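Heads up, the thing below is written out as structure tokens.
The values are calculated or read from the model by the stated rules, or taken from the named source; none is laboratory data. Only a predicted model underlies this, so the values are computations on that prediction, with no experimental measurement involved. For neighbour counting, all protein chains shown are included, and Cβ atoms are generated from backbone atoms with ideal geometry for every residue, glycine included.
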Amino acid sequence: MISDCCIAKIYMLYVLSTTFIVYGVEDTTDGHTQKPTQSRPVNVFIINGWKNEVANISVTSALKTLGEKYSGHLGNVWSVQINESDSTESLETICNAWSSAISKGGTTVPDLILDMTMADLGAEASSSFTAAMRVPTLSAQFGQEGDIHYWRDLDLDQKNYLIQVMSPNDLVPEVIRQLAIQINITNAGILYDKKDFVMIHKYKNLLLNVPTRHIINDLQNTVDNVKEQLSKLRDLDVVNYFLLGDEDSTNKLLNAGNSLSFTGRKYGWFILTLNEEMWPSCACENITILLLKPEMPTMSDENQAESVRAKFPKPLITSAFYYDLTLLGVSAMKSALDNGDWPLEPSHIDCNSYDETNTPTRDLDFLAKLMTVSKNMTPTYAGINWGKKNGEHHTDFKMIMYMINIEREKITLKEEGGDWQAGIEMPLQVTNEKIMNNTAVTSYRVIVVQHPPFVMYDNKTEKWEGFCIDLLNAICETMPFEYEIREVEDREYGSLKENGSWNGMMKELIDKRADIALSSLWVMAEREKVVDFTVPFYDLVGLSIMMQKTKTSTSLFKFLTVLENNVWFCILAAYFFTSFLMWLFDRWSPYSYQNNRDKYKDDDEKREFNLRECFWFCMTSLTPQGGGEAPKNLSGRLVAATWWLFGFIIIASYTANLAAFLTVSRLEIPIENLDDLSKQYKIQYAPIRNSPAYSYFQRMADIETRFYEIWKDMSLNDSLSDVERAKLAVWDYPVSDKYTKMFQAMKETGFPADIDEALRRIRQEDEYENNEFAFIEDASTIKYLVMTNCDLTQIGEEFSRKPYAIAVQQGSPLKDQFNNAILILLNKRRLEKLKDKWWKHNPIKKNCDLKNDQSDGISIYNIGGVFLVIFVGIIFACLTLAFEYWYYRHQAKVTELNQATPSKLKMTKTIKPIRFNLHPAPTHGFQTISQFRSRF
């Protein structure tokens, strides 16, 4: 055996007599073939890795059997053990042993090389040696067609005697491929025990062209290390765990998984073992396992079975393979010697004399000999399935699938579910449909930030809802999976800090603690360097400005506020003064009607301008109805014309100012865009600290500062010529400082800590009562606040627009899968329906009063006083009518009394009557009234 320093020892297991056994000559019936008259034992050169203890023990046992039971089969034996991790040392060791073996020449040289190496660099050195020396070789190296590098381009002669047979260790991993295909496994963590399995050559081709994201790694030594290994796999979104190992490694893995709570339907456990007697046992509370292990061959004699178990180390199928392969190789080569297909004194070259042109031609069909001998040989455990070329020859055995459930450290279910006939691309034969559901349910960890209406949590139903949640559910319909949602602890989307670290959702994805980041997440250049984004699922969204709606004062008598009170008082004074002046002129003018009745007795209109008529004339002159007949005297008419001119100017001015006043009051908006905001100092403005809007203004200010420094450095650069410096000397500052000033103003104003504080400042509540404030934030946030608050309004258009997208871990296959799903939803117009659902038809959307809408006309709140004037006038007219009626009745009684008292008649004659036109007049009790008709 090899020493601790990995220096190979060459030793002779058996040295048999050089006396050859003589066989008789037997002629064939046709006389064409003649058996040789001499033969001899087979000289064997064995190459093995020093770690492959199972092969060492099994080959030694086979050589002992050959020596004891098959006399004359085995001659000289050379056994070389190499360090498979070092190709140079291995090749040197093999070459030295080979030179010693062929040094004597003649019949003592090796006839057959048994290559029991598995894989790695030492195995490559062994295969390169056998290909170069052109010696019949029976190899158990791991690998399919083309995996043995130096055997890829063999000529026809070499293909007949350089034979590889796949061992059970190399064949069992192929069942993982079939499981992944038939059960539709999307991810796999493949762990293996290095004692029994080698997976170096499986990295590329095990799951080639299978849509299964997988990791292959050797199992760690301790439970704690295995727990760490499983945690890393889980961080990579791997939830299906495969183990190729024995009982100890199985229990170690299951205990680690149980301690991490990697149990339940969200995790899949698959155990593949070569030990046909192994059943898993672990301190597990509840775990379901799919176990595959070889089917024990049926033996007629129980004593024979016990003898086999006692004779070979575990795993029995592997030990039996090496045992049978040794017997088969020696027997096949003995047949070639007996039949004269192989010379008694073969010629060989050594490594030193090899020059690629001096290799001998063997002309030996060793594969045919192996197949012939194999037919007549009873395998110890499993036979060999022969193909047409290397990579197709393999051990012929069957593996049985079991569904096992362990509860409270005991196996509560042990149910057979199918089998797998070992072979390349051999499908599983499933007999129990439960096997198809054993794979872990595809589940992803979703990290969110609450942002109505995209992501919200309903405390009543304890469920997540919103546009993004509906989007995720729609994607699930396209590519079925389950998900777990949790809110990020710091409630941040993710920003890059000065030290290069990230926070928020970006940190969760970078640290592999989440698979999907879902919210109103902007696609940004710095984020794309650390995570992958899907195609946008929402329109471009930028920053916007929100303010409180302008409160337009309303008044039923707003039409009176067009003119100031002193103007109204002046107009009223002018009215009374003009009315009195008109009465005075009509009273004293000799040409007025009342002073010249006979002249105007034939006129159709006879109007005496007493004080009452003057007031009425001036009032009606201000209306489209007109004042009626003008005074007869010229002085009165001049007063009337002056009043008309005054009224025309007043009415025209009032009408124009009323229209302008009502229009301006509805169109009054302090600012309309970001430029307006930056040019004024009355309205304070700021975003939330550390928000995307805050980062935008901070970066824009930094860029302006940097540009200024660059321009200043260029201007003050002494290396520039006078002409170049002159080109930089400008009167106007060439770089804008708009954002620098705005960010400084924001610092002086103070940044709101959250949305609630921003709303208090907008509404001027509490300590912000006297400060008008404009809030800058994500446009979707402002749109939602405006939709749910009637006192808020969005100002201007959006700026710094970017799309919303879903973020996944960098390199995650979810990117392409989600891209396809989102494009399908776009084509089906599902995203437009979601927008309508959460914006237009949102149940919490408020139908705000549109009385201040600019598109409306003058509201009743501003012009309603006119109607009150009508109602007051009508009420006053009704009261006047009642007074007139009462007064008429009272005057009639006074007349009756005067008629009854003659002494009073003279007094009544001296009183000038007042005319009343009351209809209908009473028909009784007033007969004496007719004598006054001529006076009316």
Note to self: Taking the criterion of being among the charged types (D, E, K, R), within 12 Å of residue 546 (Cα to Cα) and touching a residue at least 40 places away in the same chain (Cβ under 8 Å), would at least one residue in the range 803-820 satisfy it?
What the structure shows: no
Check: Within the range 183-216, how many residues are over 23 Å from residue 814 (Cβ atoms) and polar (S, T, N, Q)?
Finding: 1
Next item on the list: Please verify whether the range 445-459 includes one or more residues that are surrounded by 15 or more Cβ atoms within 10 Å (Cβ to Cβ), free of Cβ contacts under 8 Å to residues at least 60 places away in the same chain and assigned to a strand (DSSP E or B).
Entry: yes
Margin query: Suppose we filter 281, 307 for residues that are modelled with pLDDT under 90 and part of a loop (DSSP other than H, G, I, E, B); which single one remains?
Written below: 281
Note to self: Just to verify a result, which residue in the range 250-262, among those that are surrounded by fewer than 24 Cβ atoms within 10 Å (Cβ to Cβ) and out of contact with any helix residue (DSSP H, G or I) (no Cβ under 7 Å at 6 or more places or on another chain), is nearest to residue 381 (Cα to Cα)?
What the structure shows: 251
Checklist line | Test: residue in the range 336-350 that is in contact with a helix residue (DSSP H, G or I) (Cβ under 8 Å, 6 or more places away or on another chain) and part of a helix (DSSP H, G or I) | finding: yes
Margin query: Where the second residue is small (Gly, Ala, Ser) and buried (at least 19 other Cβ atoms within 10 Å of the Cβ) and the first is under 17 Å from residue 621 (Cα atoms) and in the same structural domain as residue 612 (by TED's automatic domain parsing) and lies in the range 570-598, which pairs have Cβ atoms under 7 Å and are six or more apart or on separate chains?
Written below: 582/636; 582/640
Check: Picking from 429, 421, which residue would you name as being at pLDDT 90 or above and either of a type in the set (Phe, Trp, Tyr) or more than 16 Å from the chain's Cα centre (by Cα) (or both)?
Finding: 421
Margin query: Given the condition of a type outside the set (Ser, Thr, Tyr), farther than 24 Å from residue 827 by Cα and touching a residue at least 40 places away in the same chain (Cβ under 8 Å), answer yes or no: does some residue in the range 468-477 qualify?
Written below: no
Notebook entry, point to check: Scanning the range 354-388 for residues that are over 18 Å from residue 335 (Cα atoms) and small (Gly, Ala, Ser), which turns out nearest to the chain's Cα centre (by Cα)?
Noted result: 387
Margin query: Cβ contacts < 9 Å: first residue in contact (Cβ under 8 Å) with a residue 24 or more places away in the chain and closer than 21 Å to residue 392 by Cα, restricted to the range 412-431; second residue assigned to a loop (DSSP other than H, G, I, E, B) and polar (S, T, N, Q), any location; separation 6+ or different chain. Result?
Written below: 419/431; 424/144
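If I ask for residues that are outside any loop (DSSP other than H, G, I, E, B) and either within 22 Å of residue 831 (Cβ to Cβ) or among the β-branched types (Val, Ile, Thr) (or both), which ones from the range 505-526 would you list?
Matches in the range 505-526: 505, 510, 516, 517, 518, 522.
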Next item on the list: Would you please name the residue that is surrounded by the fewest Cβ atoms within 10 Å (Cβ to Cβ), looking only at residues in the range 473-504 that are assigned to a loop (DSSP other than H, G, I, E, B) and hydrophobic (A, V, I, L, M, F, W, C)?
Entry: 479
Checklist line | Hits in the range 315-333 (condition: buried (at least 24 other Cβ atoms within 10 Å of the Cβ) and over 55 Å from the mean Cα position of the chain (by Cα)) | finding: 323, 326, 329, 330, 332, 333
Check: Among the residues of the range 677-711, which ones are in contact (Cβ under 8 Å) with a residue 60 or more places away in the chain, in a helix (DSSP H, G or I) and polar (S, T, N, Q)?
Finding: 678, 695
Margin query: I need the full set of residues from the range 179-194 which are assigned to a loop (DSSP other than H, G, I, E, B) and among the β-branched types (Val, Ile, Thr), in order please.
Written below: 183, 185, 186
Check: From the set of residues in the range 510-533 that are touching an Asp or Glu at 6+ places or on another chain (Cβ under 9 Å) and closer than 14 Å to residue 805 by Cβ, which is surrounded by the most Cβ atoms within 10 Å (Cβ to Cβ)?
Finding: 517
Margin query: For the range 335-351, give me each residue that is more than 25 Å from residue 95 (Cα to Cα) and among the hydroxyl-bearing types (Ser, Thr, Tyr).
Written below: 335
